[in-house]
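Asks: So that we are looking at the same thing, I have put the structure below in structure tokens.
The values are calculated or read from the model by the stated rules, or taken from the named source; none is laboratory data. None of the values given here were measured: they were computed from a predicted structure. Ideal geometry is used to build each Cβ from the backbone, glycine not excepted, and the neighbour counts take in all protein chains shown.
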Amino acid sequence: MTVKFRTITPLAAFVLGVAAPMVAPVHAQTATQADSETRLRRIEAEVRAIQRKVFPEGAGKTFVPEITPGQAAPVTTGTPAASAVSDILARIDAMEAQMARLTAQVEEGQNRAAKLEERVARLEAAAAPPPEATPEPAPAATPVAVAPTAAPTPKPATPVATKPATTTPAKPATPAAARVAAVQAIEKPSTGDAGQDEYMYGFRLWEAKFYPEAQQQLQIFVDRYPKHKMISHGRNLLGRAWLDDGKPGTAAQFFLQNYLADKKGMRAPDSLLYLGNAMVKLKDTEKACGAFAEMAATYPEETIGRLKTQYDAARASVKCK
């Protein structure tokens, strides 16, 4: 059997010589594109993870990528894929920039949340009265042994007439008649606004220095009318009634409650001021300074305006760092 070898023409040799060097670049470009696609998918997954951390509530609150991935264009053998690679690199650059912005937002949000938690914890601690000293139990009496003595010779008893002991029943403690009459003399207003009338009656009792009666009346107003327009006044005045009655620990709780319940309330800055005063009376300098600092930071216009005189006097009564 005779094998015939086909002779390679000059034209075919030229074609093979030109096509052979082009195979390597095409494969290199294809590999580069595949690596870029893998890098892009990894970065997009990291961005989605960061978005879930920034917006844990779910859909509707994530950022849409500035450049969205499209369908991969088929690579034609022998044709450079420079445009496809350039698009992928541009998408990668955009996703990396977006990931950097989201990371910065996460760090800023965590820092802000930590500061808010620290401020609230400091204010809640300011309202807690100091623990009262527990009296030590008295030592138990030690029995003393007494030596027996000789019994005396009994004498004939002479009957003695005795009167039965009479006991006078204790009278129940009642307020002085003059105080009862003075409290009854304070008229409760009747304007048609039941909540306003309850508050004004408590105010009149506090103004007349009947502090226990004012505490009871203002507590009624706060419990029955929590949405009334004067509720900020009522909670603040309730704290003042306890403070003026010599009970700063209880007063501090009402002042802090009024501030935290509505920081935009009419008497919220007043409650911070009196919270500091209550802590001064409790000799708690750190908490007093914390309340004054919170007032200056939250209501700077009040410290130089309506409450300037009271704030300056309270601030001068304690040495803060």
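Asks: Taking helices (runs of 4 or more DSSP H) that fall entirely within segment 177-233, which contain at least 3 residues that are under 39 Å from the mean Cα position of the chain (by Cα), in the same structural domain as Gln253 (by TED's automatic domain parsing) and of a type outside the set (Lys, Arg)?
Replies: Answer list for segment 177-233: 194-207, 211-224.
Asks: Grab the helices (runs of 4 or more DSSP H) fully contained in segment 257-321, keeping just those with 2 or more residues being within 20 Å of the chain's Cα centre (by Cα) and within 21 Å of Ala121 (Cβ to Cβ).
Replies: In segment 257-321, the matching helices (runs of 4 or more DSSP H) lie at 268-281, 285-298.
Asks: Do we find a residue being surrounded by fewer than 20 Cβ atoms within 10 Å (Cβ to Cβ) and part of a loop (DSSP other than H, G, I, E, B) anywhere in segment 247-256?
Replies: Yes.
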